[in-house]
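Colleague: Would you mind keeping the following structure in view while I ask a few things?
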Amino acid sequence: MQLVSDLVAGKTAAASTGSATAGQLVIGTSGLSGGTGVLATLPLDAIPFTISGAVATLDCTPALTVTASASGTAALAEFRNNGGTTIVSGLTVGTGGTDIVLGTTTITSGGTVTITAGTITHG
C-alpha cells in the first residue's frame, strides 16, 4: 500500500524515493475514463494517505471539498498523480460502504462535492 501512496505522490516506484508532489482524486460517472465522465477533480496533499497493513486511508480531516466541473451521478473514482496518470482506478463511490464516501452521489456542475472518507484495501 505504501507503493500506491508513493505513486500518487509522484515518487519513484523502484525505490519509493523522490520529492512528493500532490496527486488528484477524480470523481466520475460510470463511464469514467481519462477525460470522459469526470465530474470533479480534487487536488490532494503531497502525502494523502495513512498506511496501516494492507489499507491506505485517505486523509479527510477536515472533509475534502471541491467545486464540481460537470453534472451527473457519481459512480467511480480514480487516483492520479500530478501528471494525470491514473494510479488506481475502478474505485466505488457512494454515501457509505464504498471505497470513496461522498456527501451525495448527485453532482451538479458548480456545486460542492464533499469527500468524507476513502480507503484502498490491498488483496
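The values are calculated or read from the model by the stated rules, or taken from the named source; none is laboratory data. Treat the numbers as computed from the prediction; the structure is a model and nothing was measured. Neighbour counts run over all protein chains shown; Cβ positions are idealised from the backbone, glycine included.
Colleague: Answer yes or no as to whether Leu64 is buried (at least 16 other Cβ atoms within 10 Å of the Cβ), modelled with pLDDT under 95 and either touching a Ser or Thr at 6+ places or on another chain (Cβ under 9 Å) or of a type in the set (A, V, I, L, M) (or both).
Modeller: When the stated conditions are applied, Leu64 passes them.
Colleague: Quick check on this structure: which one of Gly84, Gly110, Gly96 is assigned to a loop (DSSP other than H, G, I, E, B) and closer than 16 Å to Leu44 by Cβ?
Modeller: Going through Gly84, Gly110, Gly96 in turn, the sole match is Gly84.
Colleague: For segment 113-123: of the residues being part of a strand (DSSP E or B) and not hydrophobic (A, V, I, L, M, F, W, C), which is surrounded by the most Cβ atoms within 10 Å (Cβ to Cβ)?
Modeller: Here the residue is Gly118.
Colleague: Looking at Thr73, Thr50, which is the one that is in contact with a strand residue (DSSP E or B) (Cβ under 8 Å, 6 or more places away or on another chain), surrounded by fewer than 16 Cβ atoms within 10 Å (Cβ to Cβ) and closer than 13 Å to Ile27 by Cα?
Modeller: Thr73
Colleague: Within segment 31-68, how many residues turn out to be in a strand (DSSP E or B) and farther than 14 Å from Asn81 by Cα? Show your work before the answer.
Modeller: Quick first cut of segment 31-68, residues in a strand (DSSP E or B) only: 31-33, 36-43, 49-52, 55-58, 64-67.
This time we only want the ones that are farther than 14 Å from Asn81 by Cα, so: 31-33, 36-40, 50-52, 55-58, 64-67.
Total satisfying the criteria: 19.
Colleague: Only one residue in Thr57, Thr108, Thr92 is of a type outside the set (Lys, Arg) and more than 11 Å from the chain's Cα centre (by Cα), so which one is that? Before the answer, list the steps.
Modeller: Numbers: Thr57 fails: more than 11 Å from the chain's Cα centre (by Cα); Thr92 fails: more than 11 Å from the chain's Cα centre (by Cα).
Answer to the selection: Thr108.
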